[in-house]
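Working notes, beginning with the structure itself.
The values are calculated or read from the model by the stated rules, or taken from the named source; none is laboratory data. Computed from a predicted structure; not experimentally measured. FYI the Cβ positions are ideal-geometry reconstructions off the backbone, even for glycines, and counts take in every protein chain you see. Surface areas here come from the heavy atoms of the whole protein model, side chains and all, with no ligands, DNA or RNA. Shrake-Rupley method; radii C 1.70, N 1.55, O 1.52, S 1.80 Å.
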Amino acid sequence: MPLDSPSVVVRPAAKADCARIMELVHELAVYEKAPEMVTVDLEHFEESGFGPNPVWWAYVAEANGQIVGFALYYIRYSTWQGQKMYLEDILVTEEWRRKGIGGLLMDQLLKTAAERKFKGISWQVLDWNTPAIDFYKKYNATFDGEWVNVMVNF
């Protein structure tokens with residue numbers, strides 16, 4: 001169903017939005033079958049986005065005055081290409097999906113990346129998350145099956 005409500009607004013996240021964004025992060029973790037993996041607390045989350053040295057930025061989508069989605073990104077650096085946007089998470093809460101809100105968030109990210117002259121946007125998607133994969137295909141995203149995710153957690 002297309003977005004038909006003029007009351008949906010996409011705007012930069014503010015510190016006051018962090019508690020709601022964290023609720024949505026938990027919703028995403030449940031959807032991705034890993035709720036125990038969310039270990040960040042609200043204080044650290046707020047400091048990381050709104051402290052003296054922010055490391056992430058976000059947009060929120062509000063419908064009827066309530067945050068129903070968000071897209072959180074940070075800047076990564078490619079030694080081959082320069083600065084790129086890394087989309088850490090994009091989520092629209094379940095009852096607001098298929099109304100065009102994800103598209104509004106993605107369009108805002110593309111606009112921001114272009115304005116900041118980033119060399120692209122990259123992100124990850126779980127191979128079983130067909131709705132997300134189908135959404136990204138609308139943007140002509142390239143899916144790379146060659147690289148393997150590697151991490152060390154502390």
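In table form, for the structure just shown:
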read-out: Condition check for residue 113: open to solvent by less than 40 Å² (accessible area, probe 1.4 Å) and either assigned to a loop (DSSP other than H, G, I, E, B) or modelled with pLDDT under 95 (or both); value: no
read-out: For residue 146: the one exception among (1) open to solvent by 60 Å² or more (accessible area, probe 1.4 Å); (2) under 20 Å from residue 25 (Cα atoms); (3) acidic (Asp, Glu); (4) outside any strand (DSSP E or B); value: (2)
read-out: Selection status of residue 67, β-branched (Val, Ile, Thr) and more than 11 Å from the chain's Cα centre (by Cα); value: yes
read-out: Single residue of the range 116-143 satisfying the filter (of a type in the set (Val, Ile, Thr) and surrounded by 10 or more Cβ atoms within 10 Å (Cβ to Cβ)) that is nearest to residue 90 (Cα to Cα); value: 125
read-out: Any hit, the range 62-80, residues being of a type in the set (Ser, Thr, Tyr) and more than 30 Å from residue 119 (Cα to Cα); value: no
read-out: Failed condition for residue 105, given (1) at pLDDT 95 or above; (2) not in a helix (DSSP H, G or I); value: (2)
read-out: Hits in the range 100-119 - residues which are free of Cβ contacts under 8 Å to residues at least 60 places away in the same chain and in contact with a Gly (Cβ under 9 Å, 6 or more places away or on another chain); value: 102, 113, 117, 118, 119
read-out: Residue list for the range 73-94, filter: more than 18 Å from residue 139 (Cα to Cα) and in contact with a strand residue (DSSP E or B) (Cβ under 8 Å, 6 or more places away or on another chain); value: 74, 75, 76, 77, 78, 83, 93
